[in-house]
Amino acid sequence: MMSPRISRSLTMNDILNFLQSRNSAPRLVAPAPSAAELEQIFRCALRAPDHAWMRPWRFLTISGERREDLGELLEHALLQRNPNASAGEREKARNSPLRAPLVIVSVVRISEHPKVPSVEQRLSAGCAAHAVLLGAEALGYAGVWRTGPAAFDPTVMSGLGLNDDEEIIGFLYLGTRDGDPKRLPELAPADYVSHW
């Protein structure tokens with residue numbers, strides 16, 4: 001029988017390997033996580049670092065035909081920003097939500113707080129969004145985080161029903177990876193870490 005210490009060590013190695021190999025997936029197909037799986041994924045998000053327990057994040061899920069509605073909103077917002085947008089640019093905006101079976105809009109609510117500046121609230125929401133991607137990968141799915149001009153567009157925010165104190169952190173596209181994971185370059189921690 002394996003000792004608890006060895007078993008725990010193997011589990012920790014599995015977790016480290018998982019975290020070190022996470023990889024965005026720009027090509028996604030059905031299926032997306034089920035409702036029960038999404039609950040587990042969002043439980044991961046709710047463990048994000050959160051100074052003063054402000055819970056500044058929330059999520060909008062968009063699937064099925066509602067992705068087409070989102071595409072229409074994105075095209076409308078594009079035309080508000082650039083009335084001379086080309087047919088190709090309009091088509092790209094309209095079709096972008098169809099690149100995955102599920103789109104999750106990660107939202108931050110900015111509140112006045114004497115100890116938690118707005119930047120910390122945005123970072124907390126960003127950590128929650130990353131946890132969604134990790135949770136999806138842990139369940140065998142894949143995803144990619146996208147922003148672009150639409151993420152900062154007041155027309156998009158209004159069309160999604162965001163309040164005046166809310167912003168979009170990113171659009172998380174989730175589904176099943178189509179094809180092999182892209183090869184990522186090996187990065188050396190020493191290139192990004194120094195001692196002070």
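Please enumerate the residues belonging to the stretch 56-76 that are in contact with a Pro (Cβ under 8 Å, 6 or more places away or on another chain), outside any strand (DSSP E or B) and among the small types (Gly, Ala, Ser).
Scanning the stretch 56-76 gives a single hit, 71.
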Item to check | Sole residue being closer than 17 Å to residue 153 by Cα, modelled with pLDDT of 95 or more, of a type in the set (S, T, N, Q) and under 18 Å from the mean Cα position of the chain (by Cα), chosen from 96, 63 | outcome: 96
Checklist entry - Do we have residue 47 as of a type in the set (D, E, K, R), surrounded by 14 or more Cβ atoms within 10 Å (Cβ to Cβ), outside any helix (DSSP H, G or I) and under 20 Å from the mean Cα position of the chain (by Cα) here? => result no
Item to check | All positions within the stretch 170-196 that are hydrophobic (A, V, I, L, M, F, W, C) and under 16 Å from residue 97 (Cα atoms) | outcome: 171, 172, 174
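The values are calculated or read from the model by the stated rules, or taken from the named source; none is laboratory data. Being a predicted model, the structure only gives us computed values, none of them experimental. Methodologically, a virtual Cβ is constructed for each residue, glycine included, from the backbone with ideal geometry; neighbour enumeration extends over all protein chains shown.
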